[in-house]
Amino acid sequence: MTRLLAVLIAALVLVPATRAEEPKGAPASAPATGVATATIPVKGMHCGSCVGTVTAALQKVQGVKSVEVDLEKAQAVVVFDRSKASVKKLVKTIDATGYHAGEPSVN
Ligand SMILES: [Cu+2]
């Protein structure tokens, strides 16, 4: 009986103490945080309309902050939140528009 009481008291004391140590407002698990810039080659664009299609598709991706598609350089420069989007997702998005994404570089 004494032992049971001790366990109960320990549980009451330990549970709130553990919770108090969690940082408030911080995400429980964020493998990668911060903003990254991806430069992705885009093949198959011919005109401003192509640029518009790729730009619009990338802007719809959650976590994307800015998109700059250059027709002459044949590339997309995308600034995104690492915790919400990924380069893989951006590449997939470009491919889904019908254009072809090349090897990306990320800073
Ligand atoms: Cu076009």
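The values are calculated or read from the model by the stated rules, or taken from the named source; none is laboratory data. Keep in mind it's a predicted model, so treat the numbers as computed, not measured. All Cβ positions, even for glycine, are placed from backbone atoms using ideal geometry, and neighbour counts span all protein chains on display.
Taking region 35-60 as the region of interest, how many residues are within 12 Å of the ligand (Cβ to nearest atom), surrounded by fewer than 18 Cβ atoms within 10 Å (Cβ to Cβ) and part of a loop (DSSP other than H, G, I, E, B)?
3
Mind checking which residues of region 24-48 are at pLDDT 95 or above and among the basic types (Lys, Arg)?
Result: 43, single match.
Kindly list, by first and then second residue, each pair from a residue in region 33-60 that is at positive phi to a residue that is within 16 Å of the ligand (Cβ to nearest atom) and not hydroxyl-bearing (Ser, Thr, Tyr), limited to pairs with Cβ atoms under 8 Å and residues at least 6 apart or on different chains.
These pairs meet every condition: 44/50; 44/98; 44/100.
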